[in-house]
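Taking it in order: structure first as structure tokens, then the write-up.
The values are calculated or read from the model by the stated rules, or taken from the named source; none is laboratory data. For clarity, every value in this text was computed on a predicted model and none was experimentally measured. Don't worry about glycine lacking a Cβ; one is built from the backbone with ideal geometry, like all the others, and counts go over all protein chains shown. Surface accessibility is based on the protein's heavy atoms, side chains included, excluding ligands, DNA and RNA. Shrake-Rupley method; radii C 1.70, N 1.55, O 1.52, S 1.80 Å.
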Amino acid sequence: MISTAHEANGLKERSRDVWAYMSPSRLNAWLKCPVAFKLRYIDGIRSPTTPSLFLGKAVHAGLECFYRHRQVGMHLEPGDVIQRLDTCWGALLSEDCMTFTSTSDEENLKQQAAGLIQAYLDQLGDEPVPAAVETTLQEPLVDPFTGEDLGIPLLGVVDLIVPGDSSSVVVDFKTSAKSGPPCEKVHEVQLSAYSYLYRATTQQAESGLQIRSLIKTKTPKIECREYPARSESQLRRFFQIVRAYLDDLDRGRFVHRPGFGCTMCEFSDGTCDAA
Ligand code: SF4
């Protein structure tokens, strides 16, 4: 049976209070545009789930199902995972109130999810049994360079933790429309956040981090980017960002950040101008 992240971790709906916890997605949303962050996370304006976001969720659910079976000694074939995804499709749809304009749109998206899962498992389905799957890590944010407790926990849902050379590798899945250059900066906040959480939880440094991208090309493609354990300067930069974010929350100060990102912003319909 495929379960959702919330069910898998025994979590109820997470708090919408921005002071309840910080997460890499909240931090990244604020970095992109503080006004968009405020509209979404403080004012609670939510846009309907897009087909693209839903596809990512369905693929995540399929991979989670595969790896949870691995943890109990069962090896599912890609067809088994796809069949389980099909069985739970309706539940995933209703969880996100997701609707399609036509049954063929829905069928195409289901086929796309199946193709991505098949390609992923063909390439990476034989790796060692993971140490953790879709696991929620939450730790108090204590600046390692000053020892100051920032008074808010950091929360992250880590897709996969797999055995590495000396320690473990922290893995995140992404679905994307096209291949991207291996630009570490794009993922810096998320990688540093996961590194912090892993170290605070296990008291040891990760042996590396990975972003596994499932690319939605006509023939699905899997790209596995490996990144070294976070350096001191990367973690220092992470805490500078965290402090700037908390300053904005403290002051209730959210500035517009007009630019290229506006072309993809859910609030560019005038909601932004009225904010
Ligand atoms: S349209 Fe641009 S400035 Fe306005 S909220 Fe979105 S990203 Fe920010």
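What the table shows:
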| quantity | calculated |
| --- | --- |
| Size of electric dipole in the chain: Cβ of Lys, Arg +1 and of Asp, Glu -1, about Cα centre, debye, nearest 20 | 560 debye |
| Per-residue HN-Hα couplings for region 192-209 [Karplus 6.51, -1.76, 1.60; θ = phi - 60°; Hz; x = Gly/Pro] | 5, 4, 5, 4, 4, 5, 4, 5, 5, 7, 9, 6, 9, 7, 5, 8, x, 9 |
| FRET E, pair Glu139, Gln71, Förster distance 30 Å, beta-carbon r, rounded to 0.05 | 0.85 |
| Extension gain (nm, one decimal) between Asp250 and Glu95, 0.36 nm per residue minus Cα-Cα | 52.5 nm |
| The chain, accessible area per residue, ligands and nucleic acids excluded (1.4 Å, Å²) | 51 Å² |
| Label-reachable residues, region 247-275, where backbone N falls under 13 Å from a point 7 Å from Ile42's Cα toward its Cβ | 247-256, 275 |
| The chain: relative contact order as a whole-number percent, Cα under 8 Å and 6+ apart | 21 percent |
| Surface accessible to a 1.4 Å probe, Asp247 within the full protein complex, Å² | 70 Å² |
| Sulfur and carbon atoms: percent of accessible area, the chain [1.4 Å] | 53 percent |
| Between region 124-143 and region 85-101, the alpha-carbon center distance in angstrom | 26 Å |
| Estimated vicinal HN-Hα couplings, Hz - region 50-55 in sequence order (Karplus 6.51, -1.76, 1.60; Gly, Pro = x) | 8, x, 5, 5, 5, 4 |
| Table column - 3J(HN,Hα) (Hz), region 171-183, Karplus curve with 6.51, -1.76, 1.60, x for Gly and Pro | 10, 10, 9, 9, 10, 9, 6, 8, 5, x, x, x, 8 |
| Nearest-10 value in Å² for the accessible area of Leu137, using the 1.4 Å probe | 20 Å² |
| Cut-off under 5 Å, modelled amide H: who pairs with Val169 long-range | Val162, Gly164, Ser207 |
| Rg in Å to one decimal, and Dmax rounded to a whole Å, for the chain via C-alpha atoms | 19.1, 56 |
| Heavy atoms of Arg253: accessible area, 1.4 Å probe, square angstrom to 10 | 100 Å² |
| Volume of the Cα convex hull of region 125-245, divided per residue and given in Å³ | 113 Å³ |
